[in-house]
Amino acid sequence: MTPDPTPSNLAINVELVADILCRFLRNELGRAGFARAVVGVSGGVDSSVVAYLAARALEPQNVLAVTMPYKTSSEATRRDGRRVIEELGVRHVDVPITDEIDAYFVRFPDASRMRLANKCARERMTILYDQSAAFEGLVLGTSNKSELLLGYGTQYGDMASAVNPIGDLYKTQLYPLAEHLGVPESIRAKLPSGDLWVGQTDEGELGFTYETVDRLLVLMVDGRWQRAELLEAGFDAALVDRVAALIRRNHYKRRMPVIAKLSFRTIDRDFRYPRDCGT
């Protein structure tokens, strides 16, 4: 049955989704031999949802929340991150990144804001993986399906993780789930932002709202609608073409590095799962 282009396509059973994702976390960590998780908590809805899921799935004492502010990080962001940590009762470490980031860019004073944002994202991920080793827990991803499809993230930065519980949820689907989990309303109500620089918002940078693009993505990706069908449904041609181009152009961010195939069992396409090795 062909889906219709209405927000109802994005409706989820929040209780069922929460249960599935908690079981997913326990199962995937357990298969890898872990019982603990590390989450970078930014004070946004994505990382908050992941932190709440992890605390529910693994118990708060088995979750390490890491805050990694830069000098331009807003006080509201820091406050919301602290609130999540305090309400959940998870373990916490604060690792500011200003000194190392600024020391690097002393050599490159003309660097763009995007280079700074990418460097911050990758610095944070190196910290998360170091804390992963210290805490003996796997790093959980906080990139949602909208971001992954659009390539709105930093490769080997915020898009890196060992396990991602929310990567199959569109951005707008996270809000009802966040409410169900008990994420504070102040976090759910604010404009989505990576807090990359003062006044930065995701939707301002992208040039469209998540509500609009999620309605398009669920039809384009999940429903496999063709361009003509999308235009007939009322979507703007320029938006359809831009989103399609972003999906294609950023596919490299959604997979491990492509390996040149020489053998019968190449790692990224023929040898993918533990069972491939007889387990």
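Would you call GLY81 surrounded by 24 or more Cβ atoms within 10 Å (Cβ to Cβ) and either part of a helix (DSSP H, G or I) or among the acidic types (Asp, Glu) (or both)? For GLY81, the condition - surrounded by 24 or more Cβ atoms within 10 Å (Cβ to Cβ) and either part of a helix (DSSP H, G or I) or among the acidic types (Asp, Glu) (or both) - is met. Scanning region 23-30 for residues that are within 27 Å of VAL95 (Cβ to Cβ), in contact with a Pro (Cβ under 7 Å, 6 or more places away or on another chain) and either among the small types (Gly, Ala, Ser) or part of a helix (DSSP H, G or I) (or both) turns up at least one hit.
Filtered by the rule that a residue be of a type in the set (Val, Ile, Thr), surrounded by 12 or more Cβ atoms within 10 Å (Cβ to Cβ) and within 21 Å of ASN164 (Cα to Cα), region 237-274 gives ILE247, ILE267. Assessment of region 94-105 against the conditions (touching a Leu at 6+ places or on another chain (Cβ under 9 Å), within 22 Å of ASN164 (Cα to Cα) and modelled with pLDDT of 95 or more) yields no matching residue. Here GLU229 meets each of (1) within 20 Å of the chain's Cα centre (by Cα); (2) over 24 Å from TYR175 (Cβ atoms); (3) surrounded by 11 or more Cβ atoms within 10 Å (Cβ to Cβ) with one exception, condition (1). Among the residues of region 104-122 satisfying the criterion of being under 15 Å from LYS71 (Cα atoms) and among the charged types (D, E, K, R), which is surrounded by the fewest Cβ atoms within 10 Å (Cβ to Cβ)? Across region 104-122, the extreme among qualifying residues is ARG113. Checked against (1) assigned to a helix (DSSP H, G or I); (2) surrounded by fewer than 19 Cβ atoms within 10 Å (Cβ to Cβ); (3) under 15 Å from the mean Cα position of the chain (by Cα); (4) of a type in the set (Phe, Trp, Tyr), TYR52 meets all criteria but (2).
With respect to GLY153, determine if the residue is part of a loop (DSSP other than H, G, I, E, B), over 21 Å from PHE24 (Cα atoms) and either of a type in the set (Phe, Trp, Tyr) or touching a helix residue (DSSP H, G or I) at 6+ places or on another chain (Cβ under 7 Å) (or both). Against the criterion (part of a loop (DSSP other than H, G, I, E, B), over 21 Å from PHE24 (Cα atoms) and either of a type in the set (Phe, Trp, Tyr) or touching a helix residue (DSSP H, G or I) at 6+ places or on another chain (Cβ under 7 Å) (or both)), GLY153 qualifies.
The values are calculated or read from the model by the stated rules, or taken from the named source; none is laboratory data. The structure displayed is predicted, hence computed values, not measured ones. Because the Cβ atoms are built from the backbone with ideal geometry, glycine has one as well, and the counts that use them run over all protein chains shown.
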